[in-house]
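Novice: I'd like to ask some things about the structure below.
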Amino acid sequence: MLIVMHHHATDEQIQAVKNTVEAMGLRAEPIPGSMRTAIGVLDNQGYVEDSTIRELPGVREVIHVSKPYKLVSRDFHPQATIVDVGGVRIGDGEAAVVIGGPCSIETEEQMHAAARQVKAAGGQILRGGAFKPRTGPHSFQGLGVAGLKILRDAGQAAGLPVVTEVMRIEQLDVICEHADMLQIGARNMQNFDLLKEVGKLDHPVLLKRGMSATIEEFLAAAEYILAEGNNRVVLCERGIRTFEKATRNTLDLSVVPLIRTMSHLPIIVDPSHATGKRPLVPVMARAALVAGAHGLMVEMHPEPEKALCDGAQSLDPEGFGKLMKDLGRIEKFLAELDN
Ligand code: PEP
Ligand code: MN
């Protein structure tokens, strides 16, 4: 529920509304605006009887929010959230952030080379999977904890914060020790127990959209994390499952401008998993920035033809370098358009 106050409401009237809400056993969060203050009501399990509140002095309107998310919504939190990942800031008003690196951590040499190449090209965060959610059990499943150590060392050597995927609650301690950001993959977007656990931590979280998740389900998944106290969440559109088979997934770019109006959380795009095809990745990466993405996650392998996972969609270092240059030019162009 959202309580909208009159623009002339006094601080005492706002406080009185807050007290009334709290006396009902609910949480009240004032949201100051340029014209008027609103008060977000949280922790209710269902409809809240509002007659007492409506009659309080200074109350203009009471809006019942039936969506399964509130904390992630712009209505409750108009100011954009900036997520800091080891000193790299992601969100409104910041330069687009590129997370680059291989699908999986394979060897020390591969990961250190990838880290140097990402850094040299201007990428800001290094990625690499140690625990891999593979479609079949006979595919490479990742190096596990040994991989985490390689990732951390490669990131440190190159001066890049690192992000890696967590699949199970039991992996959280060791991943938090080694990584600056936790990735929740598409397949786990609705693993509610996992979402609740990462919500209790203060590591930033990269939440990827489930393969057939609606926008409402995507935002509701993020809500699980914020509801536990962790608001350091970056959303990631990575393509959804449609009838089309020519691409690995269908990149739903329209969610970028839409989510930017619906939520205060930053949103980035992963054109690698979205297309599954190397030649399409740079083009869709460029399109994502034009659509307003706060950043990108791009798979880059020192030798894509030898990759143990997702080689066909991985850029080589040269392709990645060229993409980074193009993105810099696009950002300048977009800044001019906004002026
Ligand atoms: C990944 O980023 O390596 C990955 C498995 O992505 P997704 O969860 O989007 O499929
Ligand atoms: Mn991958």
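Novice: Output the relative contact order of the chain, whole-number percent, from Cα pairs under 8 angstrom with separation of 6+ residues.
Specialist: Values: 703 pairs, mean separation 52.7, N = 339.
Dividing the mean separation by the residue count of the chain yields 16 percent.
Novice: Further question on the same structure: Mind grabbing the accessible area of Glu318 for me, 1.4 Å probe, Å², rounded to tens?
Specialist: Solvent-accessible area, nearest 10 Å²: 150 Å².
Novice: Also, quick follow-up: Take region 104-233, compute every pairwise Cα distance, and split them into 10 Å bins from 0; I just need the percent in each bin.
Specialist: The percentages, shortest bin first, are 14, 41, 34, 11, 0.
Novice: Leaving out ligands and nucleic acids, note down the accessible area per residue over region 112-153 with a 1.4 angstrom probe, in whole Å².
Specialist: On a per-residue basis, region 112-153 sits at 44 Å².
Novice: Summing Lys, Arg as +1 and Asp, Glu as -1, what charge do residues with Cβ under 10 Å from the Cβ of Asp270 carry, Asp270 excluded?
Specialist: +2
Novice: Something else now. Only Cα pairs under 8 Å and at least 6 apart count here; give the relative contact order of region 23-67 as a rounded whole percent.
Specialist: For region 23-67, the relative contact order is 25 percent.
Novice: For region 10-80, what class follows from the C-alpha gyration tensor (a ≥ b ≥ c being the square roots of its eigenvalues): rounded when a/c is under 1.5, otherwise prolate if a/b is larger than b/c, else oblate?
Specialist: oblate
Novice: Let me test this: with uniform point scatterers at the alpha carbons of the chain, what is the Debye-based log₁₀ I(q)/I(0) at q = 0.06, 0.12 1/Å?
Specialist: The computed values of log10 I(q)/I(0) come out as -0.24, -0.83.
Novice: Can you pull the percent of the chain's accessible area that's carbon plus sulfur, 1.4 Å probe, other chains left in place?
Specialist: 51 percent
Novice: Mind giving me the nanometre distance, one decimal, between the label points for Gln45 and Arg89, set 7 Å out from Cα along Cα→Cβ?
Specialist: Here the answer is 4.2 nm between the modelled labels.
Novice: Let me ask something additional. Mind jotting down the distance between the C-alpha centroids of region 215-250 and region 85-130, whole Å?
Specialist: Result: 21 Å between the Cα centres.
Novice: Right, next: Which whole-number percentage describes the relative contact order of region 225-339, with Cα contacts under 8 Å and a sequence gap of 6 or more?
Specialist: Value for region 225-339: 21 percent.
Novice: Hey, in the chain, which Cys have no second cysteine's beta-carbon closer than 4.7 Å?
Specialist: Cysteines lacking a close Cβ partner in the chain: Cys176, Cys236.
Novice: Still on this structure: Kindly express, to the nearest 10 degrees and within the range 0 to 90, the angle between helix 215-227's C-alpha long axis and the longest C-alpha principal axis of the chain.
Specialist: Taking the Cα atoms of the chain, the angle to 215-227 is about 80 degrees.
Novice: Taking every DSSP beta bridge with both residues inside region 40-167, roughly what % is antiparallel (nearest 5)?
Specialist: 40 percent
Novice: If you don't mind, another one. Return one number: the angle in degrees, 0 to 90 and rounded to the nearest 10, between the long axis of the Cα atoms of helix 317-338 and the longest principal axis of the Cα atoms of the chain.
Specialist: With rounding to tens, the tilt is 30 degrees.
Novice: Taking a probe of 1.4 angstrom, what is the accessible area of His112 in Å², to the nearest 10?
Specialist: My reading of the accessible area for His112 is about 50 Å².
Novice: To continue, here is another question. If you roll a 1.4 Å probe over the heavy atoms of the protein chains, what accessible area per residue do you get for region 160-295, in Å²?
Specialist: Roughly 38 Å² per residue, with all protein chains present.
Novice: I'm checking a number: the convex hull volume of the Cα atoms of region 7-156, normalised per residue, in Å³. What is it?
Specialist: 180 Å³
Novice: Report, to one decimal in Å, the Kirkwood hydrodynamic radius for region 71-174 based on all distinct Cα pairs.
Specialist: It works out to 15.0 Å.
Novice: Among Lys119/Lys149; Lys70/Lys208; Lys277/Lys332; Lys149/Lys208; Lys132/Lys245, which pairs are too far apart, with a Cα-Cα distance over 21 Å?
Specialist: Going by Cα-Cα distance, Lys277/Lys332; Lys149/Lys208; Lys132/Lys245 fall outside the 21 Å limit.
Novice: Could I ask something else about it? Tell me the per residue accessible area of region 1-58 using a 1.4 Å probe; a whole number in Å² is fine. Show your work: numbers first, answer last.
Specialist: Values: 3360 Å² over 58 residues.
For region 1-58, the per-residue accessible area is 58 Å².
The values are calculated or read from the model by the stated rules, or taken from the named source; none is laboratory data. Just so you know, these numbers come straight off a predicted model, no measurement behind them. With ideal geometry, Cβ positions are generated from the backbone for all residues, glycine too; neighbour counts draw on all protein chains shown. Ligands, DNA and RNA are excluded from the accessible area calculation, which covers all protein heavy atoms including side chains. Shrake-Rupley method; radii C 1.70, N 1.55, O 1.52, S 1.80 Å.
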